[in-house]
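Trainee: Pasting in a structure now, in structure tokens, and then I'll have a few things to ask.
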Amino acid sequence: MSSQNKNLSNFEGSEIKNAAAYKFGIVWAEWNHEITHALYKGACDTLIKHGVKPENIISKTVPGSFELVLGGQRMAQKADIDAVICIGCVIQGETRHFDFICNAVANGITDLNIKHNKPVVFGVLTTDNMQQAIDRAGGKHGNKGDEAAVTAIKMLSV
Ligand code: DLZ
């Protein structure tokens, strides 16, 4: 699972189809905005790089990662949206809040995939500290937003 030695934006050797025919929903959390905005931008840039028309990227923000599940549900309910990308960043604090949010979001997004039978991608950083988040939001380990976008495109041809 570790991305310590992996650049999340390196897709060499991986076939990524043109996605011009598809419409994507991106739901992103406002908590840790500096990070989530960088992830969101990475996802948009990657979708466009792979042929998606900007008008076929529908974006909504939610207050925090916990709200990604309902936000993702609303997006997935739209018949014309082919895939949804959920973006957030949960950083470990002093309490157990981190565990509750991460588990709820991971389980909630898993359920959305099955319920709506369309890709709903987990683009959520769950880090020990801010530096780990910076490293994965356009820093030395690439951008998890890029990875989430590529995952959405790939899942459309599964
Ligand atoms: C409350 C909270 C805390 C402590 N930390 C984060 C975080 O690191 N990342 C994040 O996306 N959201 C955090 N939140 C907010 C919760 O996701 C949620 O918005 C609130 O608990 C209200 O439901």
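Trainee: Quick query: amide H of residue 84 versus all other amide H atoms, modeled in the peptide plane; which residues come in under 5 Å with a sequence gap of 5 or more or a different chain?
Mentor: Placed amide hydrogens put 25, 120, 121 under 5 Å from residue 84.
Trainee: Report the one residue of 21, 32, 109 whose Cα lies farthest in the direction of the positive end of the charge dipole of the chain (charges on C-beta: Lys and Arg +1, Asp and Glu -1; origin at the Cα centre).
Mentor: 21
Trainee: Among rounded, prolate and oblate, which fits segment 47-89 when a ≥ b ≥ c are the square roots of the eigenvalues of its C-alpha gyration tensor, a/c under 1.5 means rounded, and a/b larger than b/c means prolate? Could you put the intermediate results ahead of the total?
Mentor: Working: a/c = 2.63, a/b = 1.55, b/c = 1.70.
Here segment 47-89 falls in the oblate category.
Trainee: Show me, for segment 24-41, the HN-Hα J-couplings you get by feeding each phi into the Karplus relation (A = 6.51, B = -1.76, C = 1.60, θ = phi - 60°), rounded to Hz, glycine and proline as x.
Mentor: 10, x, 10, 10, 9, 8, 7, 4, 6, 4, 4, 6, 5, 5, 5, 5, 4, 5
Trainee: Further question: Sort segment 1-57 into rounded, prolate or oblate with this rule: let a ≥ b ≥ c be the square roots of the eigenvalues of the Cα gyration tensor; rounded if a/c is under 1.5, and if a/c is not under 1.5, prolate when a/b is larger than b/c, oblate otherwise.
Mentor: Details: a/c = 2.66, a/b = 1.09, b/c = 2.44.
Cα axes put segment 1-57 in the oblate bin.
Trainee: Within a Cβ distance under 15 Å of residue 9, other residues only, what is the Lys/Arg minus Asp/Glu net charge? Don't jump to the answer; show the numbers that get you there.
Mentor: On the way: positive: 6, 41, 49, 136, 140, 144, 154; negative: 12, 45, 135, 146, 147.
Around residue 9, the surrounding residues sum to +2.
Trainee: Helix-derived [θ] at 222 nm for the chain: sum -39500 (n - 2.57) over DSSP H runs of at least 4, divide by residue count, nearest 500?
Mentor: Details: 5 runs with 65 residues, N = 158.
It comes out at -13000 deg cm²/dmol, rounded to the nearest 500.
Trainee: Still on this structure, please answer the following. Assigning unit charges at the beta carbon (Lys, Arg +1; Asp, Glu -1) and nothing else, what dipole magnitude in debye, to the nearest 20, does segment 24-156 show about its Cα centre? It would help to have the intermediate numbers written out before the result.
Mentor: Numbers: 13 positive and 14 negative charges, 72 e Å.
For segment 24-156, the charge dipole is close to 340 debye.
Trainee: Please tell me the relative contact order of segment 24-156 in percent, rounded to the nearest whole number, where contacts are Cα pairs under 8 Å and at least six residues apart.
Mentor: Numbers: 255 pairs, mean separation 43.1, N = 133.
Result for segment 24-156 is 32 percent.
Trainee: Subtract the Cα-Cα distance of residue 94 and residue 114 from 0.36 nm times their separation in residues, and report this length gain in nm to one decimal.
Mentor: Once the chain is fully extended between residue 94 and residue 114, it gains 3.8 nm.
Trainee: In terms of modelled amide H atoms, which long-range or inter-chain residues lie less than 5 Å from the amide H of residue 138?
Mentor: Answer set, sorted by chain and number: 143, 144.
Trainee: Quick one: what Rg and Dmax do you get for segment 35-127 from the alpha carbons, in Å?
Mentor: 13.5, 43
Trainee: Of all the accessible heavy-atom surface of the chain, with the other protein chains kept in place and a 1.4 Å probe, what percent is carbon and sulfur? Please report the intermediate quantities before stating the final value.
Mentor: Working: 4370 of 8490 Å².
That fraction is 51 percent.
Trainee: Sticking with this structure for a sec: Working out 0.36 nm times the residue gap between residue 30 and residue 11, then minus their Cα-Cα distance, what length gain in nm do you get to one decimal? Show your work: numbers first, answer last.
Mentor: On the way: separation 19, 0.36 × 19 = 6.84 nm, distance 2.77 nm.
My answer for the length gained is 4.1 nm.
Trainee: I've got another one for you. With charges only on Cβ, +1 for K and R and -1 for D and E, what is the dipole size of segment 58-122 about its Cα centre, in debye, rounded to 20? Walk me through the numbers on the way to the answer.
Mentor: On the way: 6 positive and 6 negative charges, 36 e Å.
Using Cβ point charges on Lys, Arg, Asp and Glu, segment 58-122 gives about 180 debye.
Trainee: Still on this structure: If the elastic network links every pair of Cα atoms under 10 Å, which of 41, 118, 78 fluctuates the most in the Gaussian network model of the chain?
Mentor: 78
Trainee: State to the nearest 20 debye the size of the charge dipole of segment 1-74 about its Cα centre, where the only charges are +1 on K and R beta carbons and -1 on D and E beta carbons. The partial results should precede the final answer.
Mentor: Working: 8 positive and 7 negative charges, 45 e Å.
For segment 1-74, the charge dipole is close to 220 debye.
Trainee: Another question, if that's okay. Using modelled backbone amide H atoms (1.01 Å from N, in-plane), which distant-in-sequence or interchain residues come within less than 5 Å of residue 124's amide H?
Mentor: 88
Trainee: In straight Cα distance, which lysines are under 26 Å from residue 6, not counting same-chain residues fewer than 8 positions off?
Mentor: 17, 41, 49, 140, 144, 154
Trainee: Over segment 24-156, average the accessible area per residue using a 1.4 Å probe and give it in Å², no decimals.
Mentor: Details: 6370 Å² over 133 residues.
Each residue of segment 24-156 exposes 48 Å² on average to a 1.4 Å probe.
Trainee: While we're on this one: Dimensions of the chain along principal axes (Cα, Å, largest first)?
Mentor: 45, 33, 24
The values are calculated or read from the model by the stated rules, or taken from the named source; none is laboratory data. A quick note: this is a predicted structure, and the numbers were derived from the prediction, not measured. Glycine gets a Cβ as well: all are built from the backbone with ideal geometry, and neighbour counts include every protein chain shown. Protein only, heavy atoms only, side chains kept; ligands, DNA and RNA dropped before computing areas. Shrake-Rupley method; radii C 1.70, N 1.55, O 1.52, S 1.80 Å.
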